[in-house]
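Notes follow the structure.
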Amino acid sequence: MENITKTISKRWSLQGSTALVTGGTKGIGHAIVEELCALGATVHTCSRNEAELNKCLQEWEKMKFNVTGSVCDISCRAERHKLMDKVSATFQGKLNILVNNAGAALYKPVVDLTAEDYTFIMTTNFESAFHLSQLSHPLLKASGNGSVILISSIAGRVALPGLTIYSASKGAMDQLTRNLACEWAKDTIRTNCIAPGYIKTPLAQTKLDDEDFVVKENSRIPLGYMGEPNDVAPIVAFLCMSGASYINGQIIYVDGGRTVNS
């Protein structure tokens with residue numbers, strides 16, 4: 001009985017795991033950092049905003065969470081290299097968890113989109129996730145138990161007004177998930193994807209300030225309301241646990257039923 005209890009307890013813990021969570025100072029990323037830490041993981045995160053990062057690190061220190069951080073603009077290739085060098089040094093060349101969370105959104109009609117808009121969104125959302133996954137591969141493989149989580153969106157599956165480039169970037173992340181899951185399984189690295197609906201975060205604030213939009217969107221969600229970051233973070237943590245060791249290559253929609261409601 002004692003052995004069974006220990007096995008089950010270990011199955012639902014991240015004790016001893018190491019993790020990199022991009023964009024961890026606000027919204028979904030912030031909730032993910034705290035969820036992983038609460039379950040025993042040691043986390044490194046990054047943000048473009050140094051003041052915001054330092055404030056979060058101070059708060060996490062008071063909470064006794066093991067979190068370190070770097071200032072990093074993930075849209076810059078050179079800064080992604082620096083970030084992974086820092087992570088490798090911090091975790092002695094091994095990494096259990098990579099959460100590609102940082103991203104950006106842009107609400108514009110297709111005819112108004114510029115080449116600069118396209119480059120910014122695709123670089124920030126898709127290219128960064130692709131490149132950081134590449135850079136983290138040796139560390140994930142060295143850990144003997146790697147897990148890559150990509151934070152996509154229901155926009156990768158359904159059409160959302162004014163979000164064409166954003167949707168394209170998320171659709172690309174969905175497909176990247178499937179390919180990495182097949183290619184890296186032999187290296188004991190699982191890859192899965194979380195696709196949230198509208199979540200109450202700073203990224204969605206423009207829409208959340210529109211009362212008519214909120215009413216209409218809530219009417220499309222079977223549960224009747226938009227989610228919070230803490231509705232997403234536990235699913236990320238679960239996918240990184242040994243209890244989810246046979247889940248690979250999946251796109252999991254955390255949307256209150258939005259994508260199945262015609």
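Looking at (1) of a type outside the set (Gly, Ala, Ser); (2) open to solvent by less than 60 Å² (accessible area, probe 1.4 Å); (3) touching a strand residue (DSSP E or B) at 6+ places or on another chain (Cβ under 8 Å), find the lone condition where Lys94 falls short.
Evaluating Lys94 over (1) of a type outside the set (Gly, Ala, Ser); (2) open to solvent by less than 60 Å² (accessible area, probe 1.4 Å); (3) touching a strand residue (DSSP E or B) at 6+ places or on another chain (Cβ under 8 Å) leaves (2) as the failure.
Restricting to the range 43-82, name every residue that is open to solvent by 50 Å² or more (accessible area, probe 1.4 Å) and aliphatic (A, V, I, L, M).
Matches in the range 43-82: Ala51, Met63, Val71, Ala78.
Can you tell me which of (1) within 21 Å of Leu20 (Cβ to Cβ); (2) under 14 Å from the mean Cα position of the chain (by Cα) is the one Gly197 doesn't meet?
(1) is the only condition that Gly197 fails.
If the requirement is being farther than 24 Å from Gly16 by Cβ, at pLDDT 95 or above and small (Gly, Ala, Ser), which of these qualifies: Ser169, Ser70, Ser147, Ser143?
That would be Ser169, the only listed residue that is farther than 24 Å from Gly16 by Cβ, at pLDDT 95 or above and small (Gly, Ala, Ser).
Cβ-Cβ under 7 Å, sequence separation 6+ or interchain: first residue in the range 167-194 and more than 16 Å from Leu239 (Cα to Cα), partner of a type in the set (Lys, Arg) and at pLDDT 95 or above. Which pairs?
Taking only residues 6 or more apart or on different chains, the pairs are Asp187/Lys141.
Out of Gly23, Gly29, I need the residue that is open to solvent by 10 Å² or more (accessible area, probe 1.4 Å) and either basic (Lys, Arg) or in contact with a Gly (Cβ under 6 Å, 6 or more places away or on another chain) (or both). Which one?
After applying the criteria, what remains is Gly23.
Please verify whether Gly249 is of a type outside the set (A, V, I, L, M), open to solvent by less than 80 Å² (accessible area, probe 1.4 Å) and in a loop (DSSP other than H, G, I, E, B), treating the condition exactly as stated.
Against the criterion (of a type outside the set (A, V, I, L, M), open to solvent by less than 80 Å² (accessible area, probe 1.4 Å) and in a loop (DSSP other than H, G, I, E, B)), Gly249 qualifies.
Is it fair to say Phe238 is assigned to a helix (DSSP H, G or I), of a type in the set (Phe, Trp, Tyr) and either closer than 25 Å to Pro138 by Cα or touching a strand residue (DSSP E or B) at 6+ places or on another chain (Cβ under 7 Å) (or both)?
Spelling it out, Phe238 is indeed assigned to a helix (DSSP H, G or I), of a type in the set (Phe, Trp, Tyr) and either closer than 25 Å to Pro138 by Cα or touching a strand residue (DSSP E or B) at 6+ places or on another chain (Cβ under 7 Å) (or both).
Can you tell me which residue in the range 172-188 is most open to solvent (accessible area, probe 1.4 Å), limited to those that are out of contact with any Ser or Thr (no Cβ under 7 Å at 6 or more places or on another chain) and either farther than 22 Å from Cys240 by Cα or hydrophobic (A, V, I, L, M, F, W, C) (or both)?
Looking at the filtered set, the residue picked out is Cys182.
State whether one or more residues within the range 115-138 are over 18 Å from the mean Cα position of the chain (by Cα), in contact (Cβ under 8 Å) with a residue 40 or more places away in the chain and open to solvent by less than 40 Å² (accessible area, probe 1.4 Å).
Checking the range 115-138: at least one residue is over 18 Å from the mean Cα position of the chain (by Cα), in contact (Cβ under 8 Å) with a residue 40 or more places away in the chain and open to solvent by less than 40 Å² (accessible area, probe 1.4 Å).
From Thr177, Thr206, which residue is in a helix (DSSP H, G or I), polar (S, T, N, Q) and modelled with pLDDT under 95?
Thr206 is the lone residue from the list that is in a helix (DSSP H, G or I), polar (S, T, N, Q) and modelled with pLDDT under 95.
Go through Ala185, Ala181, Ala195 for me and flag whichever is touching an Asp or Glu at 6+ places or on another chain (Cβ under 9 Å) and closer than 27 Å to Ser136 by Cα.
Ala195
Given the criteria of a type in the set (Lys, Arg), in a helix (DSSP H, G or I) and in contact with a helix residue (DSSP H, G or I) (Cβ under 7 Å, 6 or more places away or on another chain), does Lys170 qualify?
yes
For the range 252-262, which residues satisfy the criterion of being of a type in the set (Gly, Ala, Ser) and either buried (at least 18 other Cβ atoms within 10 Å of the Cβ) or in contact (Cβ under 8 Å) with a residue 12 or more places away in the chain (or both)?
Answer for the range 252-262, where residues must be of a type in the set (Gly, Ala, Ser) and either buried (at least 18 other Cβ atoms within 10 Å of the Cβ) or in contact (Cβ under 8 Å) with a residue 12 or more places away in the chain (or both): Gly256, Gly257.
Among residues belonging to the range 223-243 that are without any contact (Cβ under 8 Å) to a residue 60 or more places away in the chain and open to solvent by less than 80 Å² (accessible area, probe 1.4 Å), point out the one that is farthest from the chain's Cα centre (by Cα).
Gly224
Here is a check on your reading of the model: is Gly40 surrounded by 23 or more Cβ atoms within 10 Å (Cβ to Cβ) and at positive phi?
no
The values are calculated or read from the model by the stated rules, or taken from the named source; none is laboratory data. Just so it is clear, the structure is predicted and the values come from calculations on it, not from any experiment. Cβ: placed from backbone, ideal geometry, glycine included. Neighbour counts: every protein chain shown. Just so you know, the surface numbers come from the protein's heavy atoms only, side chains and all, with ligands and any DNA or RNA stripped out. Shrake-Rupley method; radii C 1.70, N 1.55, O 1.52, S 1.80 Å.
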